[in-house]
């Protein structure tokens, strides 16, 4: 086949081969035709026609399928070409705006994608990252005083205890377990006072050798040295006391007593005049409640040896009365009495004092300024209590004063004076001599030789549980505090730096102002106060002043030289120095009566034991010893300052506007007992006291009797803690927030309550606890703390206490400031 024929066969789909293979009678080939004509089907049936028809159908379908495939491919191509054109337009626009090439756009897209991933990661981390603890969000105080405060607080705590269930153990647990000095009572306040006495000893023993015997330095140094000269004291033995007894007419229990040489009236007058020894009662000089610018003589019950009159109601064979009678026997036997006389004397003395105890008013009556300030003339008292030589006593004690029948004095009550007079008139000379000479002897026992002091120590082991006596240096410093306290305060003042003193005074005054503002605000909201009483309380708060330690006007050398002019001190004669010191105290009473000075109202409180409110001066007095660490440091954290000294000041401020001090007005004048304010004053605390008593008893904190006796002071303490907390919040509002070193997790409020709780930490012997429960008007620390916290929502909030916790404040009295 030639080339042209081959092409035709391909064009015809190879039908010639199909026809040859079919064997059917196809049409005859036309001779002379250059190419074969396609065989068309003929009319009529034939096998070859049907085959050709089937092939045409197959060919048609094949072409249709190919046509559809081409159409689909073309549609797909057209669609892709459209998307490509859109992408091309976007790309062109981006390149035109950014000036980047295609590669640059690709890199930018990758970077943007990575940034988006990073953003998502950061958001996720921020949502799931742990928050910074609060203690790490604020700076830590780096002052030395802050470190010192932490070092004092942390070792006393027991962090294993729950603050909401046992805050006493939480705050004081480790301190309570630590060994304590063998004393009847040991507390943080006692520890502070011991440190203060050590400081006083250092100041006294390092004084330059004084040459002028009229200076305070000379008198301080030689009084201290005479006390420390135990060899001289041991050499003298009991002779100085026996000599004094015979100067007073003798003692019936001792040999060589001559009844005719003793005169009861003359002896009692001489005791009051020169020795400040006060059988039956004491004599004091106080501001006149009606006119505080003047002073008046006040008679105070006294004359008992046991801590409280209730001790005389115990059976004679109980521990304390039995030990007391043994003490009496041993002392008089040592002084020279026969054994039988000593035994008889001890029995008589116990029962005589038991009789005197029936005349003694209750402590509550003594503390009530109205009840204990009954005004009477000497003339009336001579008629009611004629057996008491009161006129003679006062004329000799106050020789420069005009004492006559019209002279007024303050007495606890007419009943007290009548009872004492009755006892005097019905007592034989023998028992009177025994009692009065015993009062003389017992007042000098601490200043005698070791053998006498050892007998006293044996008695105190039973009475207070004391195991060993105080060290000699401490006894001597305590003696100086008693007779020359102002001179010691002057030494402390003169040894301190002016800048430190000024900073201390400034800080404490600011604290006082904040506390006073808090109390003023609370008083304005005290709906249970009568309107007139509320106005009086606000007037007292507005005019109240503060005395921090002793002022510079009373510690200068010239003032003190004049003040101690009548005090005569001798070298190496301790007993004589004590006698002289007592005579000086009587001369001081004379001076107070005849030449009243404003500072006489608060000098004793400035060297006293506690922050005090002086109602006749409307003044708060902070004692000298409280102005040093660990109780106070001007650089301490604010919460520590307010939890310690701040609460003490708040207690004094609150006590000024509650009974009994509310009975004095802002000028220090005692209100008339018939005034409506006096009548309404008791109602201000009646409901609060009843509420606290019920709460204390129901929670098993104290007995009904103890709760009743301590209710008023507990109410004052609750109010004081609340007011100090309010003042702290106000002070902190203007200060940067700082945390304590090593205590970063403790907030300021928690430090406040911790500091206050630790100021109450104390432990006592069972014997001392018995005395405190009998005589004190305050709950002890372990009782007071839970009683107070149950009334303070501020504590529950500070420590996030649950409603089921022991200290949670769920039932609060609405009638407490």
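We did not get these values from a lab; they are worked out from the coordinates using the rules stated. In this text, all values refer to a predicted model and were calculated from it rather than measured experimentally. All Cβ positions, even for glycine, are placed from backbone atoms using ideal geometry, and neighbour counts span all protein chains on display.
How big is region 238-447 in terms of Cα radius of gyration and Dmax, in angstroms?
Spelled out, the Cα radius of gyration and Dmax of region 238-447 are 17.7, 55 Å.
Using a basic spin-label model with each label point 7 Å from the Cα along Cα→Cβ, how many nm lie between residue 203 and residue 604?
2.2 nm
Sticking with the crude label model, points 7 Å out along Cα→Cβ, report the distance from residue 687 to residue 176 in nm, one decimal please.
About 3.5 nm separates the two model spin labels.
Where does each of 599-608, 182-191, 226-235 land if you order them by average Cβ count within 10 Å, highest first?
Per-residue mean Cβ counts within 10 Å order the peptides as 599-608, 182-191, 226-235.
Go ahead and collect, in residue order, the members of region 450-467 whose backbone nitrogen is under 20 Å from a label point 7 Å along the Cα-Cβ direction of residue 315.
462-463
Going by average Cβ density within 10 Å per residue, which order do the peptides 426-432, 412-418 take, highest to lowest?
Result, highest mean Cβ count within 10 Å first: 412-418, 426-432.
Can you bin every Cα-Cα distance in region 426-495 into 5 Å intervals starting at zero and give me the percent of pairs per bin, rounded to whole numbers?
3, 13, 14, 18, 15, 12, 11, 7, 3, 1, 1, 0
Estimate the FRET efficiency between residue 704 and residue 375 by the formula 1/(1 + (r/R0)^6), using the beta-carbon distance for r and 35 Å for R0, to the nearest 0.05.
It comes to 0.45.
Residues of region 608-631 with backbone nitrogen within less than 14 Å of a virtual label 7 Å along the Cα-to-Cβ line of residue 551, please, listed as ranges.
617-622
Which parts of region 559-600 would a label at residue 402 reach, counting a residue when its backbone N lies under 19 Å from a point 7 Å out along Cα-to-Cβ?
Residues 590-596 fall inside that zone.
Rounded to the nearest 0.05, what FRET efficiency do residue 597 and residue 266 have when you use their Cβ-Cβ distance and R0 = 41 Å?
Efficiency for this residue pair is about 0.80.
May I ask you to order 394-400, 102-108 by the average number of other C-beta atoms within 10 Å around their residues, highest value first?
Highest to lowest by the protection proxy: 394-400, 102-108.
Only one of the values (i) 1.50; (ii) 0.99; (iii) 1.14 was calculated from this structure for Rg/Rh (Cα atoms, Kirkwood Rh); name its label.
Of the labelled values, this structure produces (i).
Work out how much length residue 92 to residue 114 would gain on full extension: take 0.36 nm times their residue separation and subtract the Cα-Cα distance, in nm to one decimal.
Using 0.36 nm per residue and subtracting the Cα-Cα distance, I get 5.5 nm.
Report, largest value first, the span of the C-alpha coordinates of region 99-235 along each principal axis, in whole Å.
Ordered largest first, region 99-235 gives principal extents of 116, 45, 20 Å.
Bins of 5 Å, beginning at zero and ending with the bin holding the largest distance: percent of Cα pairs per bin for region 490-638, please.
Pairs per bin, as whole percents: 2, 8, 13, 16, 17, 14, 12, 9, 5, 3, 1, 1, 0.
Return an integer: the convex hull volume of the alpha-carbon atoms of region 689-728, in Å³ per residue.
60 Å³
Mind pulling the angle between the C-alpha long axis of helix 429-444 and the longest principal axis of the chain? Nearest 10 degrees, somewhere in 0 to 90.
Result, in degrees: 50.
Which value at 222 nm does the chain reach when only helices count, each DSSP H run of 4 or more adding -39,500 (n - 2.57), with the total divided by all residues and rounded to the nearest 500 deg cm²/dmol?
Dividing the helical sum by the residues of the chain leaves -18500 deg cm²/dmol.
Between residue 804 and residue 566, what is the label-to-label distance in nm when each label sits 7 Å out along the Cα-to-Cβ direction?
6.9 nm
Just want to confirm a number: the relative contact order over the chain, from Cα pairs under 8 angstrom separated by 6+ residues, in percent.
18 percent
To the nearest 0.05, what FRET efficiency results for residue 509 and residue 539 with a Förster distance of 25 Å applied to their C-beta separation?
According to the calculation, E is roughly 0.75.
On a full-extension model of 0.36 nm per residue, what is the gain between residue 326 and residue 425, subtracting their alpha-carbon distance, rounded to one decimal in nm? Don't skip to the end; give the middle numbers.
Values: separation 99, 0.36 × 99 = 35.64 nm, distance 2.85 nm.
Full extension from residue 326 to residue 425 adds 32.8 nm.
Determine, for 686, 197, the number of other Cβ atoms within 10 Å of each Cβ, and report the residues in order from fewest to most. Don't skip to the end; give the middle numbers.
Working: 686 13, 197 21.
Least to most surrounded, the residues fall as 686, 197.
Multiply the residue separation of residue 228 and residue 143 by 0.36 nm, subtract the distance between their alpha-carbon atoms, and state the gained length in nm to one decimal.
26.6 nm
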